[in-house]
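See structure below.
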Amino acid sequence: MKLRQLEYFHEVIEQDFNISAAAKRLYTSQPGVSRQLIELADELGVELFLHEGKRLVGLTRAGMEIAEIVARVLIDVRRIHEIGRSLATDRHDCLKVVANRHAAHNLLHHAMVDFREMMPRIEVDVSEENTLQATAMLRIGQADLGLLAEAPDQDPDLLYFPIEEWRLLLVVPRDHPLAGLPTVGLEDLAHYSVGSYDNAAQSRFVIDEAFAGAGLHSPVNISFASSHMILQFVNSKFGIAIVAESAFSADDYPELIGLDVNHLFRPLTTDLVLPRRASPPRHVFNFLSVLAPQITPTTIGEAIDS
């Protein structure tokens, strides 16, 4: 099994099973991508994709399980490259940001664009991690700031500033029985196979917490590393799912519908997390000025002294 095969497999999923689009992103040919996918499936001995004629339309159940592991493997590969780059370059010329997937997708893009215009010579390095791993990186100095879903226990060596509140959404096929209910209850969800984020995600904790509080066993029985993979699970009609509200677009998934479950699951908060030190470097303050202008040097100083 080659790393290239895993990268091609992952990119095809990211490009909504469009091999041509994946080939373009990978700077290679469409036949080359197809060949690598065939070789990967042959080596594993399973079908990875669902087909309609020659077109890929989704993942098989085996493909879903393998895709989740591949996503984690590629994150670890990126982390290896990042460690090498950090040791080979001057840390003062690099802003290291660690973020949960939700925060990375929703908060960072515009801030990074504005920051590069402000300080074009500073490299911005973003690593997607779960909250526990990200907290460890911030504590030992491997990251300058974090964007993390609320931590169950706040580390005393770090500073936490809530900057975004977000909600969970139930996603089902349009013809699903739950789509016809005026209000969905936890008891209703307990009868179905539910996909959501893995156990390291704070959103998963919120989901399991709600069911436990109602004296019910959580029906989440399949986990994925990304919202995209969860939604593909629903789109293939293997089950229903609970995702971050911002992850679902009806335009992207016309066969699916999002159902309000704000009455079932409490909102989550994304925190800006900084190491507790006397004064962050200037480039960190500059990045904060475009990411979260309400977090000022005075705000940070007061938090350090409290």
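Considering the range 3-19 alone, what residues qualify as being within 17 Å of residue 50 (Cα to Cα), without any contact (Cβ under 8 Å) to a residue 40 or more places away in the chain and not acidic (Asp, Glu)?
The answer is 8, 15, 18, 19.
Are any residues in the range 142-178 in contact with a Phe, Trp or Tyr (Cβ under 6 Å, 6 or more places away or on another chain) and surrounded by fewer than 17 Cβ atoms within 10 Å (Cβ to Cβ), and if so, which ones?
154
List, please: which pairs have Cβ atoms under 8 Å, are six or more places apart or on different chains, and start with a residue in the range 291-306 that is touching a residue at least 24 places away in the same chain (Cβ under 8 Å) and end with one that is loosely packed, with under 11 Cβ neighbours inside 10 Å and of a type in the set (A, V, I, L, M, F, W, C)?
Partner pairs satisfying both residue conditions: 304/278.
Looking at the range 185-267, what strands (runs of 3 or more DSSP E) fall wholly within it and have at least 1 residues that are touching a strand residue (DSSP E or B) at 6+ places or on another chain (Cβ under 6 Å) and under 23 Å from residue 133 (Cβ atoms)?
194-197, 220-224, 240-244
Can you name every residue in the range 247-271 that is open to solvent by less than 40 Å² (accessible area, probe 1.4 Å), modelled with pLDDT under 95 and of a type in the set (A, V, I, L, M, F, W, C)?
247, 248, 268
Return a yes/no flag: does the range 192-213 have any residue that is in contact with a helix residue (DSSP H, G or I) (Cβ under 9 Å, 6 or more places away or on another chain), among the β-branched types (Val, Ile, Thr) and either modelled with pLDDT of 90 or more or over 30 Å from residue 64 (Cβ atoms) (or both).
So far as the range 192-213 goes, yes, one or more of its residues are in contact with a helix residue (DSSP H, G or I) (Cβ under 9 Å, 6 or more places away or on another chain), among the β-branched types (Val, Ile, Thr) and either modelled with pLDDT of 90 or more or over 30 Å from residue 64 (Cβ atoms) (or both).
Hey, residue 200 hits all of (1) aliphatic (A, V, I, L, M); (2) open to solvent by less than 40 Å² (accessible area, probe 1.4 Å); (3) over 28 Å from residue 251 (Cβ atoms) but one; which does it fall short on?
For residue 200, the failing item is (2).
Among (1) closer than 17 Å to residue 272 by Cβ; (2) modelled with pLDDT under 85; (3) open to solvent by 30 Å² or more (accessible area, probe 1.4 Å), where does residue 132 come up short?
Looking at each condition in turn, residue 132 falls short on (1).
The values are calculated or read from the model by the stated rules, or taken from the named source; none is laboratory data. Bear in mind the structure is a predicted one, so any value in this text is a computation, not a measurement. Note that we place each Cβ from the backbone using ideal geometry, even for glycine, and neighbour counts take in every protein chain shown. What goes into the accessible areas is simple: the full protein's heavy atoms, side chains included, and nothing from ligands, DNA or RNA. Shrake-Rupley method; radii C 1.70, N 1.55, O 1.52, S 1.80 Å.
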